[in-house]
Each structure stands twice: as structure tokens, then as C-alpha cells.
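Every number in this text was worked out from the coordinates using simple rules, so none of it is lab data. What you see is a predicted model, and the numbers here were worked out from it, not measured in a lab. Cβ sites come from the backbone with ideal geometry, for glycine too, and all protein chains shown count toward neighbours.
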Amino acid sequence: WPHVTKLHLKNVSI
Amino acid sequence: LFVQGSRSLLALALTCRTLRRRDIIIPDVLFARVTLSRRSSRAQVASFEASIEAEGSTAGNAVLYFKNSCGTWGSRWIGLGWSHALQRMPNLRSLDVRLPYMESTPHFFRQLVIGATNLQSLTLANYEPACDDSPLGDLGGLRRLSIDFLGGPGHSEYFLTRDSALGRALLNFRDTLKELSLDSIRWNL
């Protein structure tokens, strides 16, 4: 996702 | 002379309505950005619905931004008929809705994939992971995506994989996505 400039992640596990 | 923006046009439309009750003039441009919230009255929701569903109406074509955060009260749109509503708003660029108040989620997404070909921004609240066989994965070309999953007791965590609906959608959006917001997922993409 090379064009993403705004990223909001909440309660994300990997 | 006094019409300088959408707010002025709204005043004009309200004046027309007041003065000529049987011959209401509401410019379509007023429907460009529609927000239905808990503060919207039943009459407002019903008025909007009637405006775009009226025979020969072109008001639905003017709707570019639609946000619905109403509760379960009000128009049948909130619980039923969403797919039909989408058909009446073919030029949507931005859609912001709470999912539990809609008809079956797969049906909704199917209509979104087929009809909302200009959609650029999608915000979904209370997405239910159990409904993940939805056609959400067939959407393409979004610039902005925000999904808030229905969590808490009795609701499973969302596993974001290549095979999940959201995973397939994100892969579709690889060349277009500029803003992404996700809440409560397990990332396994």
C-alpha cells in the first residue's frame, strides 16, 4: 500500500 | 443575490416550502451531502426518503456523501431496503453507516459492488466478523476505508487473512488506498 499516508490501527494484534 | 452557498440555498428551499406548500422547490444540490443522525427527526428521515424515492426524482443522483448513524427508530431504510436505497444513489462517493441497522450484510455489499462504482470512501461501524463471506472483498478502488468491528462478549475476533473478505478488499485497494483505519483485528495478512 504505497500510497497510504494516514494509518490508524487500534487493538490490533499480529 | 442572497444565495452564497449551500446554507443559503437551504434557507431558500425552506422559504419555498413555507410559502408554496403544494409546489415545493428544493434544488437537487441540497442532497449532495446527507447526514442522518440520532438528532434527525423521523420527519427529516422520511422527507429525505420520499424525496429520492418519488417517481421521476433525480435527487438521489445528487447524493455524493451519505452518512447514517441513526438508531433503530425511524425510516425503514435504517432496518430494511438498504440495497434499494443504494440503487437510488448511484453517484455516491462516500458512505458512512452502522451495519447492524441494515438488511443482510452480503446483500448490501453486493449492491455496493454493482452500483456504487464511484465510491471512494467507506466507513463501516459494527462490522460483524461472522458475516465475512460478504462481497466486501470484491470492492475495488477505494481511497479511504475505516472499519470498526463489532467486538465484546459473544463476538469473535476478526482474523485478517488473504482469504478473508477484508483481506481480499485490502489487496484490491493496494494501488488506490490513502487512508486506512481498523479497530480490533488480528493481522495475519
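Applying the Karplus relation 6.51 cos²θ - 1.76 cosθ + 1.60 with θ = phi - 60° to segment B:10-16 yields 3J(HN,Hα) values of 4, 4, 4, 5, 5, 5, 4 Hz, where x marks Gly and Pro. Phi angles of segment B:165-177 translate, via the Karplus equation with coefficients 6.51, -1.76, 1.60 and θ = phi - 60°, into HN-Hα couplings of 4, 5, x, 5, 5, 4, 5, 5, 8, 4, 8, 10, 5 Hz per residue; Gly and Pro are given as x.
Using Cβ contacts closer than 10 Å as the measure, can you line up B:Glu157, B:Glu128 from fewest to most?
Working: B:Glu157 13, B:Glu128 16.
Result, fewest neighbours first: B:Glu157, B:Glu128.
Take each residue in B:182-189, count the other chain C-beta atoms within 10 Å of its C-beta, and the mean is 4.
The phi-based Karplus calculation (6.51 cos²θ - 1.76 cosθ + 1.60; θ = phi - 60°) puts the 3J(HN,Hα) values of segment B:59-64 at 4, x, 5, 7, 6, 9 Hz, whole numbers, x for Gly and Pro.
In this structure the amide hydrogen of B:Arg98, modeled in the peptide plane, comes within under 5 Å of the amide hydrogens of B:Asn68, B:Ala125, none closer than 5 places in sequence on its chain. From most to least packed by mean Cβ count within 10 Å, the peptides B:44-56, B:136-148 give B:136-148, B:44-56. Partner shielding of B:163-176 amounts to 1, given as the average count of beta-carbon atoms from other chains within 10 Å of each residue beta-carbon.
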